Amino acid sequence: MEVKRNAQDYWIDAVAARDQAMREAFQQAASPMAMTIAFPSPADAAAAPDEIVSSPDGEPSGGALLISGTLVWSDPDLGWVATWRFRQDGKRYQWQVKGVNFDEAFRVAIRGTAQILSGNGAP
């Protein structure tokens, strides 16, 4: 029996491959900083970033750090526009990079977070 695939099946495969490539890029960006990356479950990812926390002050517990962000393709910028958010000691940080590939977008997320954690101010 031949199984026919429709356009929706190919779209799902393409999205899954893209998502896996992005996860790998994020992990590669974190490796030089000796950071371990963990991705939220699909249910957690669907929640608002401010809801993916487990302590009353809005910061993750257990030594975990939460970086949230968005990537949007921009034709005028000839690349991704990445906006990253991070909370440390009750203070919210947000930074952005435009016109980059997604590998660089994730490197910017990791470098920005390291800059904050090192006490060297906002990215």
Restricting segment 16-65 to residues that are of a type outside the set (Asp, Glu), exposed (fewer than 11 other Cβ atoms within 10 Å of the Cβ) and part of a helix (DSSP H, G or I), which is modelled with the highest pLDDT?
20
Looking at segment 91-105, which of its residues are under 14 Å from residue 67 (Cα atoms) and outside any strand (DSSP E or B)?
105
Which numbered condition residue 76 fails, given (1) at pLDDT 95 or above; (2) on the phi < 0 side of the Ramachandran plot; (3) assigned to a strand (DSSP E or B); (4) not polar (S, T, N, Q)
(3)
Which residues, counting only those in segment 98-111, are closer than 16 Å to residue 25 by Cα and surrounded by 13 or more Cβ atoms within 10 Å (Cβ to Cβ)?
100, 102, 103, 104, 105, 106, 107, 108, 109, 110, 111
If we keep only residues of segment 94-113 that are without any contact (Cβ under 8 Å) to a residue 24 or more places away in the chain and of a type in the set (Val, Ile, Thr), then the residue nearest to residue 21 (Cα to Cα) is 100
Among the residues of segment 72-93, how many are farther than 23 Å from residue 17 by Cβ and within 13 Å of the chain's Cα centre (by Cα)?
4
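The values are calculated or read from the model by the stated rules, or taken from the named source; none is laboratory data. The structure presented is a predicted model; accordingly, all values stated were derived computationally and were not measured. Positions of Cβ are backbone-derived with ideal geometry, glycine not excepted, and every protein chain shown enters the neighbour counts.
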